[in-house]
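Please read the structure below before turning to the comments.
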Amino acid sequence: MNHYQIVKEVINEWDPMHLLRYTSEDEYDPEIRLIVSALPTASVEKLALVIHQAFAKMFSRIGAPSINNCYPSALNIWNKIYNNKFPNLKNLN
């Protein structure tokens, strides 16, 4: 699964703006593209900030999720991408 697909899966599952029950699955594609562009250098904390900023940019009128609310999805994205690249990290727990 490529980075775009991973981010799309996580964001759509979260559905931060509660729109997917009313719209198509591509509703968050612009935000997903912004998030994916930050991935090569993103820590979990930076990724949470990028997710927040992407939604704030696109949904400023109705309010974006807080950075704290973005953190679980950022962690989920980071784990799906980087634990697959570094499988030994899974054994550190």
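The values are calculated or read from the model by the stated rules, or taken from the named source; none is laboratory data. Treat the numbers as computed from the prediction; the structure is a model and nothing was measured. We place every Cβ from the backbone using ideal geometry, glycine too, and count neighbours over all the protein chains shown. Calculation scope for accessible area: heavy atoms of the full protein, side chains included, ligands and nucleic acids excluded. Shrake-Rupley method; radii C 1.70, N 1.55, O 1.52, S 1.80 Å.
Structure notes:
- Within the range 20-29, the residues that satisfy the criterion of being surrounded by 12 or more Cβ atoms within 10 Å (Cβ to Cβ) and either modelled with pLDDT under 95 or within 13 Å of the chain's Cα centre (by Cα) (or both) are Tyr28, Asp29.
- Residue list for the range 35-58, filter: more than 20 Å from Asn83 (Cα to Cα) and open to solvent by 60 Å² or more (accessible area, probe 1.4 Å): Leu49, Gln53, Lys57, Met58
- Test: residue in the range 4-16 that is more than 13 Å from the chain's Cα centre (by Cα), charged (D, E, K, R) and open to solvent by 20 Å² or more (accessible area, probe 1.4 Å): no
- Tyr82 in a helix (DSSP H, G or I) and modelled with pLDDT of 95 or more: no
- Count of the range 1-44 residues which are in contact with a Leu (Cβ under 7 Å, 6 or more places away or on another chain) and not β-branched (Val, Ile, Thr): 4
- Glu45 vs. criteria among the acidic types (Asp, Glu) and at pLDDT below 95: no
- Taking the range 7-47 as the range and being touching a residue at least 24 places away in the same chain (Cβ under 8 Å) and of a type in the set (Val, Ile, Thr) as the test, the residues that pass are Val7, Val10, Ile11, Ile32, Ile35, Val36, Val44.
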